[in-house]
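Here the structure comes first, spelled out in structure tokens, and everything after it is commentary.
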Amino acid sequence: MPHTVLLAEDDRAIRNALERALTLEGYQVLAVADGVEALAQAHRNRPDVLLLDVMMPGIDGLQVCRVLRAEGDRTPVLMLTALVETADRIAGLDAGADDYVVKPFDVEEVFARLRALLRRTSPVGAGGAPATEAPRALPERFVEAAGIRMDPQARRAWRGARELELTRTEFELLELLVRNAGIVLDHSTIYDRIWGYDFGPGSKNLAVYVGYLRRKLDEPDAPQLIQTVRGVGYVLRED
């Protein structure tokens, strides 16, 4: 069955071009021109992934994302944005978005990011494995390192007694670091494990997520847990 993409973009030319490209790529596309219709379609025909323009008249893409997340809807969201400042990207992540593409964009990048989001949320078959793969053993109930405790099955995480409110991508990034505590993970390894695609040395995607995750993890008078190894990548450790 083809995946369904809910596309919300107020620019008709961009909307029509993306709708054609996504259809040719094999997706079923629900294309709308504003946030009000996007919410209506999301409630009426739950898609596999949402592709939302940030700046739309009336209800914008950030508001659509906030409403869906407040309702408990965890459908992955890919934002389309012309805003390139770090604060703007953080606003999208804070609203609950999973990833973003900056305009003007290459449609192949949109396809790659959609594939990565859908891989991470693909249906599971018997034994808890993706339906297209052989069953794998379930992970251990908890993983712990550097004062962080995580329950991958329930997708919950704590620093000490404080529970962390994490987006899907933040959770997966933290889990990767916790499982490899003390090991320096290079940028390309993290991109491949989290997004399934290396966006190249010019991408700020990983730095934005690490910065946002640090703000949720760090505590006054406590060591910074996610440390930068300049020119290489990141490591989770307490010292």
- Item | segment 32-50, residues that are closer than 11 Å to Thr4 by Cβ and not in a loop (DSSP other than H, G, I, E, B) | Gln41, Ala42, Val49, Leu50
- Message: Against the condition among the β-branched types (Val, Ile, Thr), under 17 Å from the mean Cα position of the chain (by Cα) and outside any loop (DSSP other than H, G, I, E, B), how does Thr189 come out, does it pass?
- Response: yes
- Scan Ile183, Ile194, Ile226, Ile190 and give me the residue that is open to solvent by 70 Å² or more (accessible area, probe 1.4 Å) and closer than 30 Å to Ala112 by Cβ. Ile183
- Going through segment 7-27 one residue at a time, which ones are free of Cβ contacts under 8 Å to residues at least 40 places away in the same chain, open to solvent by 50 Å² or more (accessible area, probe 1.4 Å) and farther than 21 Å from Met56 by Cα? Thr23, Leu24
- Message: Please verify whether Leu83 is under 20 Å from the mean Cα position of the chain (by Cα), in a strand (DSSP E or B) and among the hydrophobic types (A, V, I, L, M, F, W, C), treating the condition exactly as stated.
- Response: no
- Specify the residue that is modelled with the lowest pLDDT; the eligible residues are those in segment 150-171 that are over 21 Å from the mean Cα position of the chain (by Cα) and open to solvent by 80 Å² or more (accessible area, probe 1.4 Å). Ala161
- Give the residues of segment 92-118 that are of a type outside the set (D, E, K, R), surrounded by fewer than 19 Cβ atoms within 10 Å (Cβ to Cβ) and outside any helix (DSSP H, G or I), sorted by residue number. Val102, Pro104, Phe105
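The values are calculated or read from the model by the stated rules, or taken from the named source; none is laboratory data. Since the structure is predicted, the reported quantities are computational estimates derived from the model, not experimental observations. Because the Cβ atoms are built from the backbone with ideal geometry, glycine has one as well, and the counts that use them run over all protein chains shown. What goes into the accessible areas is simple: the full protein's heavy atoms, side chains included, and nothing from ligands, DNA or RNA. Shrake-Rupley method; radii C 1.70, N 1.55, O 1.52, S 1.80 Å.
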